[in-house]
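Since the structure comes first, as structure tokens, the remarks are kept for the end.
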Amino acid sequence: MMQGSSELPGTRLSITNGRLLFQDCRITLVKTTSEIIGQESGSTYDWANGDIETARTNIKTVGFTCIERMFNSQLLSKLRSEAFLKKKDAVPVCGTSQCQYQYQAHLTGLGKAGISFLTGNRILKILDILLGMPLALEKDASCYTYYQPGDFLGPHLDHAEQCIVTVILYLDVVHSDVTSDKTGLVLHVIGGSPSDVNNPRVVLPTKAGSLIIGLGAANWHERPTLQNGEFLTAITACYSRLLSA
Ligand SMILES: [Fe+2]
């Protein structure tokens, strides 16, 4: 662990130089738990009570959490294949002053596999356990996102109604061979105010297969510029509050 760091008891967060850093967002698969998040391909994923509490605490205290190993390789490869096929349709987005925030990446709409994943029982169950509110996928605000070196997502809040909950599933992550402190393969959570962009409260790692869940409309967040040799493909989704009829 880096000098000047300390672990927060009961969490997977540490404080490094005054900044919260997710050291490990892996959810351990155990046998003796009370919450079972569905079944896929004959294997049952159990989510330990402690891990659920950790994820809830992370969302409550810093607005975001990350979860690893929640989805099997079959599902991930199906989504990767769809993202790969759809990449030819991806269009560059913004990066101009006309945007509400600076943003440079390529986006394209979701296909059958992406929609099915984001509206499936498994992801909805995870969101229900963590957030306890009825949510509906906003298909038009959800997409595949492709970042390459030089791309970034500037500090912003997500749409207050259309995107009260943000979900990101990292599908493909290519790291640079160069050892550098700078990387775009992290998500910075800045917090309730954009005033301290250069000193984010939380740094979430970007790892293939990991899931990010956050209250993106209430917590400023950003992705720094991807460096040479860094590439990222993700499914990025927005959920709004489901209003009862
Ligand atoms: Fe966002």
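Look at I115 and say whether it is of a type outside the set (F, W, Y) and either farther than 20 Å from S240 by Cα or within 12 Å of the ligand (Cβ to nearest atom) (or both).
In short, no.
When residues of the range 116-130 are filtered for being surrounded by fewer than 17 Cβ atoms within 10 Å (Cβ to Cβ) and touching a helix residue (DSSP H, G or I) at 6+ places or on another chain (Cβ under 7 Å), how many remain?
Qualifying residue count for the region: 1.
Kindly indicate whether E138 is charged (D, E, K, R), within 14 Å of the ligand (Cβ to nearest atom), out of contact with any Phe, Trp or Tyr (no Cβ under 6 Å at 6 or more places or on another chain) and more than 22 Å from V62 (Cβ to Cβ).
Yes.
Which ones in the range 194-233 are among the basic types (K, R) and more than 14 Å from V62 (Cβ to Cβ)?
Listed by number, the residues that qualify are K207, R223.
Among the residues of the range 234-245, write down those that are more than 11 Å from the ligand (Cβ to nearest atom) and assigned to a strand (DSSP E or B).
Passing the criteria: A234, I235, Y239, S240, R241.
All of the numbers you see were taken from the coordinates with simple rules; none came from a lab. The shown structure was predicted, so the numbers you read here are calculated from the model rather than taken from an experiment. Because the Cβ atoms are built from the backbone with ideal geometry, glycine has one as well, and the counts that use them run over all protein chains shown.
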